[in-house]
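Report on the following structure.
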Amino acid sequence: MKNHRQAKKSRGCHETYIDLAFIIAKIAEGLPEVTGVSAGRIKTGQRNGGASCNRVKIVDSTCGVLLTVRQSGSAQEVSLLTKKLQAVKLAIAREARDKGIKIAFGHKKEIKDRKLLCEQHRGRRRK
């Protein structure tokens, strides 16, 4: 179930993904507008309506696009660092839909705990 990924656009030396998040991360890394991909913690024991309920929620965040990926009782957030929000959201939505993955869009989310990630991406250091 868990996939490990180390790629040019990854924001860690080694990241672990649930299966569906792994597919979405591969799609995102192939987009020229995406400058970085960061996997969040895997949350297990999530109620999502059954094993066949694979879905991706796409939301604007403070430093790009936040994807909440749900699959078989697990959930994981994947952050995409980009300046071209609409192009990235549209490309992810199209690719996910073409692969038969349910998609949804949410409202802008302020992510305080990912603030450091945004600052690191932009080359700033926290004092």
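Computed from the coordinates by the stated procedures, all read-outs in this text should not be read as laboratory data. Everything numeric in this text was worked out from a predicted model, so none of it was measured.
By how many nm would the segment from residue 84 to residue 16 grow when fully extended, if each residue of separation counts as 0.36 nm and the alpha-carbon distance is taken off? Could the numbers behind the result be given before it?
Values: separation 68, 0.36 × 68 = 24.48 nm, distance 2.56 nm.
Roughly 21.9 nm would be gained on extension.
Residues whose amide H lies under 5 Å from that of residue 37, counting only those 5 or more places away or on a different chain, are 10, 11, 81; hydrogens are built 1.01 Å from N in the peptide plane.
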